[in-house]
Structure formats: C-alpha cells, structure tokens
1. Which residues, taken from region 55-84, are in contact with a helix residue (DSSP H, G or I) (Cβ under 6 Å, 6 or more places away or on another chain) and part of a strand (DSSP E or B)?
2. Answer with yes or no whether residue 12 is within 20 Å of residue 136 (Cα to Cα), outside the structural domain of residue 221 (by TED's automatic domain parsing), surrounded by fewer than 22 Cβ atoms within 10 Å (Cβ to Cβ) and at pLDDT 90 or above.
3. Just the residues that are surrounded by fewer than 18 Cβ atoms within 10 Å (Cβ to Cβ), under 24 Å from residue 284 (Cα atoms) and in contact (Cβ under 8 Å) with a residue 24 or more places away in the chain, please, taken from region 105-137.
4. Where residues in region 42-54 are in contact with a strand residue (DSSP E or B) (Cβ under 7 Å, 6 or more places away or on another chain) and either in a loop (DSSP other than H, G, I, E, B) or crowded, with 19+ Cβ neighbours inside 10 Å (or both), which of them is modelled with the lowest pLDDT?
5. Considering only region 199-215, state which residues are within 25 Å of residue 240 (Cβ to Cβ) and part of a loop (DSSP other than H, G, I, E, B).
6. Go through 149, 142 for me and flag whichever is surrounded by 15 or more Cβ atoms within 10 Å (Cβ to Cβ) and either closer than 23 Å to residue 91 by Cα or free of Cβ contacts under 8 Å to residues at least 60 places away in the same chain (or both).
7. Check off (1) modelled with pLDDT of 95 or more; (2) buried (at least 16 other Cβ atoms within 10 Å of the Cβ) for residue 175 and give me the number that stays unchecked.
8. Need a quick list: strands (runs of 3 or more DSSP E) entirely within region 236-286 having at least 3 residues that are in contact with a strand residue (DSSP E or B) (Cβ under 8 Å, 6 or more places away or on another chain) and surrounded by fewer than 18 Cβ atoms within 10 Å (Cβ to Cβ).
C-alpha cells in the first residue's frame, strides 16, 4: 500500500559555519525533529569564485551521527582524535560522534583556491541512548564504492547510501536502522520503493519536480515531503518535465526516546546535555592540533 503525505515544507535559507548558505528542511517551527532524523541541510548548489568557499571550523558534536554527502566540490576534515580525510564529488562521510569529538570541515585547499560549484547535503541522525557515549568513528566512502542501480529502461537510477533499493545493498554500516537513497528520474517514469511500515519517511527534492505519495501530489525543488506511516511503499513519479528529478528519500525506525538538544549536542536528558557542555568547555573532547 502506498503511503499518503502528511505535510510538505519548503526549505528555509540560513547560514552555517563561516557563513555558507544552506537550505534547511528541518528543524523549523513545524518539524522539530523527525525521529530518528534531527536535521537536513542542503549546501548550494552555487558557483563560487576563488577564495569564496567557506567551511565549518573546529566545532563539537556528541550523541548523534552526521552524514555529509558531497555532490559537487571538495572538502577536507580533521578531528580531535587525529582522524583526517578528504571528500570529493559523490563521496559520503558517515561520522558517529558518540561520546564527543571536535570536528573541522573545511574546503579542500585547491577547491578553496580555485573555486567552483558547491553542492552537498548534511543529515543528522540520532543515536539511541545505549550508543550515545560510544567511541567516535568514521566511515569515509568513496563514490566508486557506493552501489548504484537502475531500471531496465535506464530512466530510473538510484544511489544506495544506506538501506536497499532495486536489489542493491548499501556498504555503509549504520547504528540506527535507516534508508538513504538518491534517485534520479528522467521524464515519464514511476518508481515504487519498499519502506518498512514502522519507519518514518520523508523525501527532499534537490532538482526538478515530481509527483509523490498515493496522492501523486506535485513537489518541487527545495521542498521536503513527509509521509504518514500508513503503508509499506512510497511512490515517486515524473511527467514530461524538461529536467530530471533529483530526490533524496530517507527513512528510519523511530527511537521513541526523549530528545534533549542544544546546538551540536543531542542527548536524552537536560542533565546529560549540561554534562556535554561542561565536558566540551573543560577540554575533555580534546582539540585539533595537527
């Protein structure tokens, strides 16, 4: 049975880090969180000149996971545990902050010097209480390692970042059971994605326009569509649009736990939140010194 739509939200423009612009689907005044998801930001797409590219200098995280998906551009990251790496077009970084890290996400040196097109996404996924204080870890997945499937006629293509679609299984290991699928649909095509009925699910249109849900309701660029849990399938279709539909479909099993959040800290209680702030202020999360 196809799911129906609960609400549609147009992303709001805001700034992050050193002042780079993002389109934020949530949290907002209508959706504080969408268990187990805490935030979705789209960076760009925007063409930047030399020296215009900005990043997110040293900042802390505790109690959740950040998922950075680069469509265009290049970033390099470092953290207080000595980890570092680079992300290029199509790459994904899945960072489990756990007990806490100081993290830096800055434009890669050559990209910062020359400029170019910047486009990407950052998703925040909550961790269950039992995993909030685990040791931090990274999964840096190159674009070439992320499974891609397509329909027999080639009109529907999906990049399987987490979960399963069109017979392809993701290579990323997730602490919270979720699906993260990037569909590209040409004109006059319809896909139906199986989603477990207990999962919360939403989709975000990055480019073009599509028809969503049982209602086949039109949703366009920079809009997020949230679904009811009244079925085990989600339908997405295109008509004779002039450009392909690029859409992220995300779904996850709700944790059903209290959420206490303040900036980059997401815990279960106010006491845990205060402790996170104290630990950060006292230097217990370390520092980036390389």
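The values are calculated or read from the model by the stated rules, or taken from the named source; none is laboratory data. Being a predicted model, the structure only gives us computed values, none of them experimental. Cβ: placed from backbone, ideal geometry, glycine included. Neighbour counts: every protein chain shown.
1. If the condition is that a residue be in contact with a helix residue (DSSP H, G or I) (Cβ under 6 Å, 6 or more places away or on another chain) and part of a strand (DSSP E or B), then 60, 62 are the ones that fit.
2. So residue 12 fails the test.
3. 128, 129, 131, 133, 134, 135, 137, listed by residue number.
4. Our first condition is that a residue be in contact with a strand residue (DSSP E or B) (Cβ under 7 Å, 6 or more places away or on another chain); within region 42-54, this holds for 42-48, 53-54.
Imposing the further condition that a residue be either in a loop (DSSP other than H, G, I, E, B) or crowded, with 19+ Cβ neighbours inside 10 Å (or both) reduces the set to 42-44, 48, 53-54.
On the way: 42: 97, 43: 93, 44: 89, 48: 85, 53: 80, 54: 84.
Looking at residues that are in contact with a strand residue (DSSP E or B) (Cβ under 7 Å, 6 or more places away or on another chain) and either in a loop (DSSP other than H, G, I, E, B) or crowded, with 19+ Cβ neighbours inside 10 Å (or both), I get 53.
5. Restricting attention to region 199-215, the residues satisfying the condition of being within 25 Å of residue 240 (Cβ to Cβ) are 203-215.
Answer for region 199-215, where residues must be within 25 Å of residue 240 (Cβ to Cβ) and part of a loop (DSSP other than H, G, I, E, B): 208, 213, 214, 215.
6. 149
7. Only one criterion in (1) modelled with pLDDT of 95 or more; (2) buried (at least 16 other Cβ atoms within 10 Å of the Cβ) is unmet by residue 175, namely (1).
8. Ranges flagged: none.
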